[in-house]
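Everything on this sheet refers to the single structure shown next.
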């Protein structure tokens, strides 16, 4: 597929600098894009590559136009426009509608038109699947689950029973939705499992990365809002509620019963303790450990950047003597005060 | 199913306040339970909801009875009693005994009575499976593995060869037991893999959360005791031994050859270094980094709670200058001492 | 299989102490090896067991010979020699060449000689698989992927489309290669997915642990060099490049577009931020948070070892008052200076 720059400019409301009939048919990086590729500048650290790029065109912000040696599409949000154009150039693979003979589909499941149930897929009792859904190879869908139109389960995804999923979601390989939450009650003879009888509800346009998990609720549902994006190996505990358009990077996690607002961004390996409430528009840096509710939008952090080990060891040793340092400081203050008192 | 409160009171040794013939048929939260639901109070932060709940009955501790506006079952361990009653109201799904035609079962595997081998399951050579076991869809069981009665592998679980599992265990989707430990030996031309020839032994009543891993031993076995509970995305390195009734929360991990005692509780994202010995009854806070053996029961922590990023940045900058601060303090002490000496 | 010590000594260039005709047929630990087992001493903490071991032979370094009560093979690298001998004693399971009738193989896939495609495996369009490859039960291989000779996918592994893998690799259960990177562009109405059109390239002799993920590139490829070793639950973001013979322990992760050099060792739960460059021969301690590029080989750390919670809480409280402590110190310095000035 080849698209004229003029058409892209109109479609995405960009100002076009350069030949309107120039066509692009693929994407590339500034550094290595070929003559039919479109690319973009979003991270200023790559700006100097504008002078040397061989791309057919660059999507960029107004302030970078002057540096650009090739045609460009000018927009305030180059990365989002790039995303849209790339989606045109690389449409999702088409589905092979139907049930593969090596799939298992329970007799009372309901499948929408155009949906593909691949080899090795397993569809439980009373499952309802919308139109144009992909249930990829070796995916498992538990009883009574519901999947909205155009959602795609790539491969080896597991949905337990009573998981309700919206439309246009993407679940990557190894995703597990609806496993039992970690509910265990202490008894004199060990832990007793607390049945997890809630479900999972996933909004529309949710994408969940490989091997991420969303546990089912203990009593009520665990809920991800519309447009939530989870990276790989993310963990969502039981009863959590994640607001619309919140994004969580890889290896982050929410303990049980925590409520996260809308439009939050949670960095890689960040963790939020249980039973907290995080307001909208909170940004947690990578590895942040959030142990109290947050009522004020903003950026939160608790990471220590790595140092050379010798330096680090000394810092930790000092840290462990902070109490002693504080005592010495107090002693000095006392001495100075009594000296001052004497000279009064 | 509906159960009379009087029956529950007798069965679980609770004092009953309210109508003994009242029946409950489901569970709910204090806040939203309907008139046929039983609920519980364990976390004091919800105590005020006792006044307004519409539940049929509440399971609670003696000190909360006075606040409760509806029938209640009084016990010292409300959460454990709730767990037991919920298990009555929501029994595990019944198995469909037999081997699904889309499963693969090797000719010399031995299956107990009442066990279900679902579509897509794979059972290797010489596997022995007890009675009433569930091997869910797309689970894989390697050669020579043994699974005790009533254990359930939900879906997409992988057991390697020579994994021995007790009775009444639950392994959630994506669990991997018996993968090779991370044994690599440095050589002048790169790493050489160290064959991992030990096995994995799992006790009775062990539950392992989604996408968690227990590596096989390098030479001897990796062992989880009875009643061990692992949350999702937990990692157990090779040769570890985890004592009975120890619980590990999500994304925590044990490096290789570490021994953890009985009844420990390991918080989310906590990590224990390799070759350590942790005694019984140790509680590690979330994100704790345990780098030395622990011989004394108690609570251990190393987490820094997140702060607003501006404040945090300053704290880290101060931390990195601790050496300088310490030097300045020493200099002051020296000055004061020499001043004092002069005035003697 | 039994092997004479004399043969092993010759094959691995070891000095032999003891009966050259003694045979070994299995491995064991120093503590519990039986009379036909060979073992090794690499970690000095086990040295005293040399006096009491019942092993047939011990592989050890020259300085330990004197302590050893049984035959020994002396070498500078006992662990690597052990690895090689163990690999002789425990050869990889032989493959059952052919396509299992319960596998799905697309009509235009190309399979090398001796390869085994197990029950439940799924091989997409145009896939090319080398000789003696294992595609284990319920593994999924996406369209246009390429797998080199003797590579083994154990079970429930997912390769997306256009993943290129070298020879002699081992991918453990639950591994996901080629899932979409976490590319999302902010817009006024939520996140827009950025198509991930690059691939994944994996070198030769790469081993990847259970449930680890390597994302496909956004535009170009994500690349793991030859001999890279990843433990379980490791995450590699899109566009990363990992140099030859770098090893990453469990639950560590690289954010997107980061380049890691050769022969690095990255500890468990360590994390490297995005768009960084890490030089060769960097060792990151467990839980290190690397937030800046590293140009100097060495050891880097940022972990705080856990303390008893009471002590830890005080330390954190002190830490949060570092600003105040610094102000008090400055105030004292001011006082002393003005006192000194007065006495001039």
Scan the stretch B:278-298 and tell me whether some residue there is touching a residue at least 12 places away in the same chain (Cβ under 8 Å) and in contact with a helix residue (DSSP H, G or I) (Cβ under 7 Å, 6 or more places away or on another chain).
yes
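Matching residues to (1) in contact with a strand residue (DSSP E or B) (Cβ under 9 Å, 6 or more places away or on another chain); (2) surrounded by fewer than 19 Cβ atoms within 10 Å (Cβ to Cβ); (3) not assigned by TED's automatic domain parsing to the domain that holds residue B:165:
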{"site": "B:39", "(1), (2), (3)": "yes, no, yes"}
{"site": "B:43", "(1), (2), (3)": "no, yes, yes"}
{"site": "B:52", "(1), (2), (3)": "no, yes, yes"}
{"site": "B:60", "(1), (2), (3)": "yes, no, yes"}
{"site": "B:68", "(1), (2), (3)": "yes, no, yes"}
{"site": "B:83", "(1), (2), (3)": "yes, no, yes"}
{"site": "B:107", "(1), (2), (3)": "no, yes, no"}
{"site": "B:123", "(1), (2), (3)": "yes, no, no"}
{"site": "B:128", "(1), (2), (3)": "yes, yes, no"}
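Quick one: which of B:151, B:187 is more than 18 Å from residue B:221 (Cα to Cα) and in contact with a helix residue (DSSP H, G or I) (Cβ under 6 Å, 6 or more places away or on another chain)?
On the way: B:151 fails: in contact with a helix residue (DSSP H, G or I) (Cβ under 6 Å, 6 or more places away or on another chain).
Residue meeting the stated conditions: B:187.
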When you scan the stretch A:155-203, how many residues do you find that are more than 7 Å from every other protein chain (Cβ to nearest Cβ), surrounded by 24 or more Cβ atoms within 10 Å (Cβ to Cβ) and over 18 Å from residue A:236 (Cβ atoms)?
0
Filter pass, residue A:174 being in contact with a strand residue (DSSP E or B) (Cβ under 9 Å, 6 or more places away or on another chain) and under 23 Å from residue B:140 (Cα atoms):
yes
Among the residues of the stretch C:271-282, is there at least one that is within 14 Å of chain B (Cβ to nearest Cβ), surrounded by 24 or more Cβ atoms within 10 Å (Cβ to Cβ) and modelled with pLDDT of 95 or more?
yes
Looking at this structure, is residue A:255 within 19 Å of residue A:169 (Cβ to Cβ) and at the interface with another protein chain (Cβ under 7 Å from one of its Cβ atoms)?
no
Any residue at all in the stretch C:226-238 that's part of a loop (DSSP other than H, G, I, E, B) and surrounded by fewer than 23 Cβ atoms within 10 Å (Cβ to Cβ)?
yes
Matching residues in the stretch B:204-225 (in a loop (DSSP other than H, G, I, E, B), in contact (Cβ under 8 Å) with a residue 40 or more places away in the chain, crowded, with 22+ Cβ neighbours inside 10 Å and more than 9 Å from every other protein chain (Cβ to nearest Cβ)) number 2
Restricted to the stretch A:283-307 and to residues being within 7 Å of chain B (Cβ to nearest Cβ) and assigned to a loop (DSSP other than H, G, I, E, B), the residue nearest to residue C:188 (Cα to Cα) is A:285
Of all residues in the stretch C:116-168, count the ones that are within 13 Å of residue C:103 (Cα to Cα), more than 23 Å from the chain's Cα centre (by Cα) and part of a loop (DSSP other than H, G, I, E, B).
7
Restricting the stretch C:7-37 to residues that are closer than 12 Å to residue C:74 by Cα and without any contact (Cβ under 8 Å) to a residue 60 or more places away in the chain, the one surrounded by the fewest Cβ atoms within 10 Å (Cβ to Cβ) turns out to be C:10
For residues that are out of contact with any helix residue (DSSP H, G or I) (no Cβ under 7 Å at 6 or more places or on another chain) and within 7 Å of another protein chain (Cβ to nearest Cβ), tally how many sit in the stretch C:308-329.
4
Among (1) within 12 Å of chain A (Cβ to nearest Cβ); (2) over 27 Å from residue C:183 (Cβ atoms); (3) buried (at least 20 other Cβ atoms within 10 Å of the Cβ); (4) within 18 Å of the chain's Cα centre (by Cα), there is one condition residue C:245 misses while meeting the rest; what is its number?
(1)
Does the stretch A:164-174 contain at least one residue that is in contact with a helix residue (DSSP H, G or I) (Cβ under 9 Å, 6 or more places away or on another chain) and either within 18 Å of residue A:218 (Cα to Cα) or in contact (Cβ under 8 Å) with a residue 24 or more places away in the chain (or both)?
no
How many of the residues in the stretch B:8-37 are assigned to a strand (DSSP E or B) and within 14 Å of chain A (Cβ to nearest Cβ)?
4
Is there a residue in the stretch C:249-261 that is at positive phi and surrounded by fewer than 24 Cβ atoms within 10 Å (Cβ to Cβ)?
yes
Give the stretch B:110-142 a look and list any residue that's farther than 18 Å from residue B:174 by Cα and either within 14 Å of chain A (Cβ to nearest Cβ) or without any contact (Cβ under 8 Å) to a residue 24 or more places away in the chain (or both), or say none.
B:110, B:111, B:113, B:114, B:115, B:116, B:125, B:126, B:127, B:128, B:129, B:131
Out of everything in the stretch B:36-46 that is more than 18 Å from residue B:80 (Cβ to Cβ) and modelled with pLDDT of 95 or more, what residue ends up being farthest from the chain's Cα centre (by Cα)?
B:36
Output yes when any residue across the stretch A:312-331 is touching a residue at least 12 places away in the same chain (Cβ under 8 Å) and either surrounded by fewer than 19 Cβ atoms within 10 Å (Cβ to Cβ) or not in a helix (DSSP H, G or I) (or both), and no when none is.
no
Going through the stretch C:42-76 in order, the residues found to be without any contact (Cβ under 8 Å) to a residue 12 or more places away in the chain and not in a helix (DSSP H, G or I) are C:43
Out of all the residues in the stretch A:64-77, is one or more in contact with a helix residue (DSSP H, G or I) (Cβ under 8 Å, 6 or more places away or on another chain) and under 24 Å from residue C:274 (Cα atoms)?
yes
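The values are calculated or read from the model by the stated rules, or taken from the named source; none is laboratory data. Quantities reported herein were computed from a predicted structural model and do not represent experimental measurements. Glycine also receives a Cβ, built like all others from the backbone with ideal geometry; neighbour counts cover every protein chain displayed.
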